[in-house]
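The values are calculated or read from the model by the stated rules, or taken from the named source; none is laboratory data. Bear in mind the structure is a predicted one, so any value in this text is a computation, not a measurement. Because the Cβ atoms are built from the backbone with ideal geometry, glycine has one as well, and the counts that use them run over all protein chains shown.
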Amino acid sequence: MSNQRQFLKVVSVDQAKAAFESHLQLQPLGNEIVPLSESLGRVLDQDIKSRFNVPNFDRSNFDGFAVFAHDTQGATEIEPVRLTPIDQPINAGDDREIEIRPGETVAIATGGRLPRGANAVVLIEDSFVDGNDILVSKSVAPGSGVSFTASDISYGQLVLAAGTYLTSRETGVLAAIGETAVKVCRKPKVAIISTGDELVPPDEELTPAKVFDSNARILCDAVTECGGTPVEYGIAIDDLDELNALVDRALGETDIIVLSGGTSKGQGDLSYQSVRRFDDPGMVVHGVALKPGKPVCLAVSQTKPIVVLPGFPTSAVFTFHQFVAPVIRAFAGIKSKMSPIVRAKLATKINSAIGRTEFNLVGLSRSFFQNVTDVVAHPVGKGSGSVTAYKLADGFFSIEENCEQVEANTEIDVHLLSQDVPIVDLVFAGSHCAGVDLLLSQLQLKNFHCKAFFVGSTAGLQAAKRGHALVAGIHLLDEKSDEYNQPFIGDDQCLIVGYRRQQGIVFRSDDSRLVGKSTDEIVALIKNDDTLVMANRNPGSGTRILIERLLGGKQPAGYWNSVNNHYAAVANVQQARADWTVAISAVSNQTEGVTFVPLAAEHFDFVVAKNNLEIPVIYELKNLLHDSAVQRQLVKLGLEPKS
C-alpha cells in the first residue's frame, strides 16, 4: 500500500479564514468604465455629482391650471374665484416662454413647464369653465402642485458615492442626471477547474461509473452571483502534469483559481499535489473542522487565492460560500453582508458527529397548525453528494462541534441563502410516489409554491400532526383491521382520497433464479437464498412495513442497505447492485430490463388537518384528484384513481 499524506493540520473555520485572508489584499482589483446599460450589479469606483438640476424647470405635478396662488385665496364651491385664461394649454415638453399676471391663468398638463409669474397649480377637478373665464373653487398655497427647479437634485450635488452597489434604483438615478457611462470596480476573473476521470460534461454520453460535471455550472453561477466573472477551464483528468499546466495557465489569466474534486486522501489527491508546489506562501490550510467540507485546501500564489473544494456538490457549495465568496466580493468592491437570519423550529431530530462544526440545509415554511406565526425548518438531509439539496433549501443552520443531537422542535437560527425566501403554499411530507410528483407539478403550474420532503409515511404523518407539513402522503396498512390509512389519523385530521397503486417484487428480467417463478416461489427464494441481495426501503415508510411483513422476521443479504424512494430502489436492481426490491409498478414500468410481480394493491391517500381543508391550495389539490385529465395521467403512470 502506498503511503498517504493526511491533512497537515485540521483547523477551525475561523482559524482557516484568518490564515487564508492574512495573505490576501481584500480590496478592489482596479476599475473600468462601462456603459450605464451594463452597470447593474456593479460597484461604483467614483463619486457621482450631478451635472444638472432635477428637475431643471418648475414642473407641474398634475393636470390643472397654473395660477398666482394669492389670486385663489377665499375660493369655495359657493363663491369661486374668476380668472382669465391666456394662450394655449401648456403640454409636457412645451418650451414656449409664457408669463401670467395677477388675475390670469393657463391650462397646464402633468409635467408641463410652469409659466413665469405662476407659483401654484389648481387641480382640474377644482375648476370649471364659465364662458370665457375659469372659475376656481378651492384655494391653493404657494408651491402647491409644483416641483420647483432643483427640488429633487441640484447641480453639483453628490448623488452616489464611490462604493455604492448599483441596483435598478441607482441606475435609474444615474439616467435621470444624464449619465451614460460610469467608472466601476473591475470584476475579478475566477478560474473554474473540475478534476477527475469520472467526470463528463453534461452534453456528452453518461456511461457506467461516470457522473455529469454539475460543480462547474454551480460554481460558475455562484461566482456570477457574487460579482465575479467565471472562466471555465473544463475538466482536468487525473494526470498531474496536465493539471499543473492548467493551474499555471489560470494563474496567468485570472485573479482567483477554484478547483473542485479535492479529497482527504493526501498523496492520492492530485489537486492537493498541484497546489503544494507553490511556496509564496503556497498552501496555508488543508483540512477544516467543517461538515460538509473537511478536505478544503486554501493556498495563495502570486498574491492570488487558490482554493481546492471537495468534489461532492453540497460540500463544494458550502465551502465556496465560506471561503471563496467573501474574497470575490472584496475584489469586486462589494461589501460583505451577513446573511439574513430567521428563527425557526426544527421539524425533525438531527444527529451530529462530535469534533466538527456541521452545517445542515433546511427548507422553510410557516406552521400549518396551532401557531401559524411559527417558522418550521425541514432538514433537507441528502448528504454532501446531493445535487438537489440546494434546490429544496432556503437556508442552513450550524451544529457546534461538541453537540451530538438537536431535538425536534428546538429553536434554531437559520441563515438564509438569499435575501428573499418565497412563501411556501404547501409542504408535502410522506411517502414518495410518481403520483405525488404529478400532483405537485400541476400545483406549481397553477402558481402554488410547493416543497416535498420524502421521509416515509410514518414520519410524514407525524409532520402533519405537528403542523410541520400541510399534507402527508401515506399508505399504511393496519394489521388488525386490514384497512389502509384511516386507522392512523387523528380526530382533528381527515383523509383526502387519493388513488390505488400496485406494490410488487422487482427483479432483473434476465435473472434466471427468479424468472418464471410463481409469487410464492419468489418469496421463498428471496427469504432463504443468500445470493439474492435486496435493496431495502427506509424505516417508517409504508413500503418498508410491507417488506417486513413479506420477510416475516428474516434479514436477507442487503437488508441494511436502504434507499428513500422507489426510483432509487429500482435503479439498484437494474444496475445489479441489488437483485430484488419492493416498489410500485408506476416506477418499474418506466425502467427497462426489470420484471414486476404484484404483491398488493394499496391505497395512497393524503392527510390534512380539518381546519386547513378550505385553504386555496388544498381546495385545488382536491380538484386535481377529480380532474379527468389528471386522472388519465395517473392511469398512464399505472395508478388507479379512486375518486
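Among the residues of the stretch 53-68, those identified as at pLDDT below 90 and either among the hydrophobic types (A, V, I, L, M, F, W, C) or touching a Cys at 6+ places or on another chain (Cβ under 7 Å) (or both) are VAL54, PHE57. Filtering LEU246, LEU240 for residues that are assigned by TED's automatic domain parsing to the domain that holds PHE318, surrounded by fewer than 16 Cβ atoms within 10 Å (Cβ to Cβ) and free of Cβ contacts under 8 Å to residues at least 60 places away in the same chain leaves a single hit, LEU240. Does the stretch 446-469 include one or more residues that are out of contact with any strand residue (DSSP E or B) (no Cβ under 7 Å at 6 or more places or on another chain), within 23 Å of ARG632 (Cα to Cα) and in the same structural domain as GLN633 (by TED's automatic domain parsing)? Yes, the stretch 446-469 has at least one match.
Restricting PRO55, PRO89, PRO102, PRO85 to residues that are more than 39 Å from the chain's Cα centre (by Cα), under 27 Å from VAL184 (Cα atoms) and of a type outside the set (Ser, Thr, Tyr) narrows the list to PRO55. Just one of (1) under 30 Å from TYR272 (Cβ atoms); (2) touching a residue at least 60 places away in the same chain (Cβ under 8 Å); (3) out of contact with any strand residue (DSSP E or B) (no Cβ under 9 Å at 6 or more places or on another chain) fails for GLU77. It is (1). On inspection, VAL635 does not qualify as touching a helix residue (DSSP H, G or I) at 6+ places or on another chain (Cβ under 9 Å) and outside any loop (DSSP other than H, G, I, E, B). Of the strands (runs of 3 or more DSSP E) lying entirely inside the stretch 76-130, those containing at least 1 residues that are modelled with pLDDT under 90 span 81-85, 127-130.
What is the one condition in (1) touching a helix residue (DSSP H, G or I) at 6+ places or on another chain (Cβ under 8 Å); (2) modelled with pLDDT of 85 or more that THR195 does not satisfy? Among (1) touching a helix residue (DSSP H, G or I) at 6+ places or on another chain (Cβ under 8 Å); (2) modelled with pLDDT of 85 or more, THR195 violates only (2).
Set side by side, the residues VAL146, VAL190 differ, and just one is more than 30 Å from ARG249 (Cα to Cα) and of a type in the set (Val, Ile, Thr), which is VAL146. Before we move on, is SER541 among the polar types (S, T, N, Q), more than 18 Å from THR595 (Cα to Cα), assigned by TED's automatic domain parsing to the domain that holds GLU479 and touching a residue at least 40 places away in the same chain (Cβ under 8 Å)? Answer is yes for this residue.
Residue by residue through the stretch 480-521, note down the ones that are free of Cβ contacts under 8 Å to residues at least 12 places away in the same chain and assigned to a strand (DSSP E or B). Listed by number, the list holds a single entry, GLU483.
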